[in-house]
Every structure is written in C-alpha cells, then in structure tokens.
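Structure record follows, encoded as structure tokens.
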C-alpha cells in the first residue's frame, strides 16, 4: 500500500512538472505561425518594392544627398522617359528606409544606393547607369522596356 501511495505521489509531481514546463514553453516561445516584427517589416518593404517594380518600367531607389544617386538620375533624365514609366523613391524621406534597403539587398546583393531597375530587373548603381548612358546600353534597355 505504501508503495502504491509513493508511486501515485511521484506521478502527481511528474505531471505537475510536465505541465509547468509546457506552460513555460508556450509562454516564452513565439508561435511559428505569427511572424516576428522584423519579418513583418520586411514583408511590408517587399510588398512596396515589388509593387513599384511592377508598376514602373524604370525605378530608382535613391537618397537625396547621395552623389551617386544624382549621377544615376542625371543619366536617366538625359533620355525622354515617359512620365508614367519612371519613378524615384527617395529612401531618406521614408521611415521604412532600412527595411527597404534590407529587402533590396536580398534581391540585388547590396543595400547601397542608388539601385536602378529597368523592366523589373536590377540594372546597377550610379556608376553602372552613367556608364550605360555613355556606351549605349542604358538607351537599349530603356527602349526594350518601352520607357522611351
């Protein structure tokens, strides 16, 4: 009889310990179905960037004070771009600047600006865009995209 009482007491303690561990793990672990705040921010940035790339033939992700961005925009503005085909996002004027740059890094390999896209494909940065304007590649890509 004493053995049975000891066994039941042991089972009760073990059940309590198991229950406490389960509650703690639920309380401290984030649910796999609920994304972290960082994942939500990246998702919002992805939606924004992908929307811009679909809507415009030429998109530039830039910062107002960046000389390389000015170089790229000047090279592009040397062509008669259709107004509905060209869009510039000035990242330094946006609260989600870092999230957008992080997403741009995942799709282009770098988070630096400018990031110039033609027809949804990454073309290059400031030097690449200026060089493309000089060697004719930029004009060819813009024409293929229907932006000029």
Report task. Indicate the gyration tensor shape class of region 89-147 (rounded, prolate or oblate), computed on the Cα atoms with a ≥ b ≥ c the square roots of the eigenvalues: a/c under 1.5 is rounded; otherwise a/b larger than b/c is prolate and the rest oblate. Result -> prolate
Query raised in the report: Could the peptides 49-56, 138-145 be put in order, highest first, of the mean number of other beta-carbon atoms found within 10 Å of their residues?
Result: 138-145, 49-56
Report summary line: The residues 90, 39, sorted from fewest to most surrounding Cβ atoms within 10 Å, come out as 39, 90
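Values quoted throughout were computed directly from the atomic coordinates according to the rules given, and no laboratory measurement underlies them. Computed from a predicted structure; not experimentally measured. Virtual Cβ from ideal backbone geometry, glycine too; neighbours counted across all protein chains shown.
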